[in-house]
Every structure is written in structure tokens, then in C-alpha cells.
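Please read the structure below before turning to the comments.
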Amino acid sequence: MAERIIYLDHAATTPLDQRVLAAMLPYLSEQPGNPSSIHQLGRAALHAIDDAREAVALVLGCARKELIFTGGGSESDNLAIKGVALAQQQRGRGNHIITSAIEHHAVLHAIEYLEQFGFTSTQLPVDAAGRVRPDDLRAAIRPETVLVSVMYANNEVGTIQPLGELGAICRERGIPFHSDAVQAAGLLPLDVESLNVDLLTLTGHKFYGPKGSGLLYVRHGTPLLPQINGGGQERRRRAGTENVPGIVGLATALTLAEEQRSATVARLRHLRNRLIDGVLATIPRSWLNGDREERLANNANLGFACIESESLLLLLDQQGICASGGSACSSGAIEPSHVLTAMGLHAEAANGSLRFSLGRTTQAEEIEHVLAIIPALINRLRAVVTC
Ligand SMILES: *Cc1c(COP(=O)(O)O)cnc(C)c1O
């Protein structure tokens, strides 16, 4: 392993903030209470969850009772989609779900799963920058549409969706609107009123909180069937003893992320632009995937002709640089990213794409170091192929 690690994979996960760890520690040992117990240790745990819920409600601009703590982003997406779809089916409202072609698999596969139970779905296309067109949503809505799910910002290319506009279309027709906002926390505003969302997914480990601790906002009045049955926790919407340290950690991390948001965005955007401009200026036949403006401040998804991103990732890793590929490894075979493919990239271009995602610890000299070594790595890989 290289002596120095340059971590540019914050879209995959972020390190736990020391202040978050400090807030969590008491609930991992000295305060072991179960929030359902009526003795003083139980009440202390319940109190900690109440405070956490209040803090999250403040950031989202919602009521405390509209929040459900979960086991992460995938669970929140599954609860939103299956919970709303099945509740709508139970009420005889219909069986059609609309999503976009570039969603996280936690959304796409949850919808695919529902197709075994009589649901049908429409995947909205995206433009070359990865944006959903509001007119396409309007055209896709049917009388039997019971749920729309479109992410806030994409995890691969960072493209930001026009949620307010999409949400307004859903609201006009009385269709619940869910958004996976996992990548947006700490980088974009999360006020659920301006976003026009009825359900919103977050997960702690994407904003310097703990892994395995997520959140689902559910607007009051939205039909939802629980997907984990058991005890009456979370107002009977998610059974199981609460992950008290995880919940405290998520709330602390979200509060810190929101406090630092505008400063973080300004700093990261500057570093990220330096990375993009540096690569495009020094490496021939390279390009930027996604929108130059409407993208997360920390995301640089870059493509290189005649390169397999897997090979480039290995060489970068040998140099201590952690990034991520534009392809997903499923069942052993490398398949081009469904996101890049939906944006119109050919398989070769998708497989030649790489995601760098910056974060709080990213320093200017780290970006300069990447820019200094990447041209030689590209030349090395291109020297052994003909294209
Ligand atoms: C990471 C991620 C998830 C999954 O969250 P987990 O907490 O890892 O389950 C869902 N959606 C998006 C957009 C993500 O980036």
C-alpha cells in the first residue's frame, strides 16, 4: 500500500467525523438503555432519539413525526417504494410506478421486485447531461400511477434533478413523490417544502456519519405500509430496537453538514473545477460526464478514450489514490454503468469513465498530485491498445 492515501471516493462513503463519534460513544457503552424500557436508562435513550429527531426535523423543515429512522439508504428506498406502492394497491389506487433510468439500484431493484406482485413501471429517460425532463414525467403519468421516484443528485455523475418542478407535477395530480437524496446531504438544501417531496431518503455514512443508519422523511398523510413488522417503534412504521448510537450519529452529522454546507460547497467546487480543468487540458481525448453547472460540488466524472477504467483504477490505487469506476461489477462480468448508458454513452466510453468524489479532507495539493501523475498512467494504458 502506498504511504499516503488520497481518498477521492466520498460518494461511496465518508469517514466518521470525530465530533460525531464523540456524540455516539456514550450510547455504545455507558448508556445501554433500550428506548422502550421505562427505567431511567431506557428514558435516557428515548430522550437521545427525541433530540436527534428534533435536530433532523430542523434541517429538513418538517415535523418530528414525519421522520423514520432506518438501517440505511437502501432500507429507506425500499420502505418508500414498497411501503407506498403496497399501501396504494391496498386502497385500489392503481399499480403503476414512475422512476428514472439513472436511479440507484436500491430504487430500481425495489421496483423490479414489485413487478412480481402486479406492478408495472416506467423509467424516464435522461438527456446527455443526465437530467430528467419535466415534460417526460407529465407524459408518463397515467390514471393508475401511484408513485414517482426521482433522485435528487446522481451518485455517479453528480447531476442535480429539478425536484421542485417534478414534485409540483406530482402534487397537482395527487401522486406521492419520493426522492433519494443520499448524495445531496451537506451539498444541497434539504428543505422538503421547497423540494416538493413527499418522501426523502438519507443515509448517515454519506455525510460523515455512521454506516447502517438511515432516514426516511414521509409527509403527513402519505399512505405507507411498514416493511419490517414487529414492535411498535417509529410510530409502527419500522419495527426493531432503535440503533441509538446510529441515530444520534446521523443527527449530529446532519447538523454539522448543514452548518458547514455553504463553505464546503465553495471550497470543493473550486478544487473540483481545478481537477476537471486540469485533466481536460492535459489529457487528449478526455471528457467530462454530466452537466458542468448542475452537478454536485464534489463530483468529477471523467472519461478517457481507449481506457478501461478498471485498469486505470488499479494503477491509481497502486499510487495510493482511491477513486471509483464508471462500471458496475455484477455476476463477475464488467457491465457498463446504467447511468452513463442512459446518458447516451457507448459501452466503451462508459467503461472508460472514472468518478472522483471530493470531501471535507480533500486538499489542493492532493488534487495537484493526481493531476501530476495521471497523464503518465493514461499514456501507459493507451500504449498497449490500438484504438
Ligand atoms: C449510497 C447510496 C445509497 C445506499 O445507501 P446505503 O446506506 O449504503 O444503503 C442509495 N442511494 C444512493 C444515491 C447512494 O449513493
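At a glance:
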| read-out | value |
| --- | --- |
| Where ARG274 falls short, out of the listed (1) outside any loop (DSSP other than H, G, I, E, B); (2) in contact with a Ser or Thr (Cβ under 6 Å, 6 or more places away or on another chain); (3) of a type in the set (D, E, K, R) | (2) |
| Some residue of region 125-142 being touching a His at 6+ places or on another chain (Cβ under 6 Å), surrounded by fewer than 17 Cβ atoms within 10 Å (Cβ to Cβ), among the charged types (D, E, K, R) and modelled with pLDDT of 95 or more | yes |
| Helices (runs of 4 or more DSSP H) contained in region 131-222 and holding at least 2 residues free of Cβ contacts under 8 Å to residues at least 60 places away in the same chain and of a type in the set (D, E, K, R) | 134-140, 163-172 |
| Near pairs, Cβ below 9 angstrom, 6+ apart or cross-chain, from region 108-124 (modelled with pLDDT of 95 or more) to any residue that is of a type in the set (Asp, Glu) | ALA110/ASP77; ILE111/GLU103; THR120/GLU144; SER121/GLU112; SER121/GLU115; GLN123/GLU103; LEU124/ASP136 |
| Qualifying residue in region 234-244 (condition: within 13 Å of the ligand (Cβ to nearest atom), part of a loop (DSSP other than H, G, I, E, B), touching a strand residue (DSSP E or B) at 6+ places or on another chain (Cβ under 6 Å) and on the phi < 0 side of the Ramachandran plot) | no |
| Region 150-196, residues that are of a type outside the set (A, V, I, L, M), farther than 28 Å from ASN351 by Cα and either within 16 Å of the ligand (Cβ to nearest atom) or touching an Asp or Glu at 6+ places or on another chain (Cβ under 7 Å) (or both) | PRO176, PHE177, HIS178, GLY186 |
| LEU313 vs. criteria surrounded by fewer than 23 Cβ atoms within 10 Å (Cβ to Cβ) and touching a Cys at 6+ places or on another chain (Cβ under 8 Å) | no |
| Sole residue being out of contact with any helix residue (DSSP H, G or I) (no Cβ under 7 Å at 6 or more places or on another chain) and not hydroxyl-bearing (Ser, Thr, Tyr), chosen from ALA323, ALA297, ALA364, ALA342 | ALA342 |
| Those residues of region 326-359 which are surrounded by fewer than 19 Cβ atoms within 10 Å (Cβ to Cβ), at pLDDT 95 or above and outside any helix (DSSP H, G or I), in sequence order | GLY344, HIS346 |
| Boolean, ASN229 is in the same structural domain as GLN89 (by TED's automatic domain parsing) and in contact with a Ser or Thr (Cβ under 7 Å, 6 or more places away or on another chain) | no |
| Candidate set: region 288-322, residues that are free of Cβ contacts under 8 Å to residues at least 40 places away in the same chain and of a type outside the set (D, E, K, R); chosen: the one farthest from ALA184 (Cα to Cα) | LEU314 |
| Those helices (runs of 4 or more DSSP H) lying entirely in region 3-120 with at least 1 residues among the polar types (S, T, N, Q) | 18-24, 40-60, 73-90 |
| Test: residue in region 42-60 that is within 30 Å of PRO176 (Cβ to Cβ), at pLDDT 95 or above and within 16 Å of the ligand (Cβ to nearest atom) | yes |
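The values are calculated or read from the model by the stated rules, or taken from the named source; none is laboratory data. Note that the structure is predicted; figures quoted are calculated from it, not measured. Methodologically, a virtual Cβ is constructed for each residue, glycine included, from the backbone with ideal geometry; neighbour enumeration extends over all protein chains shown.
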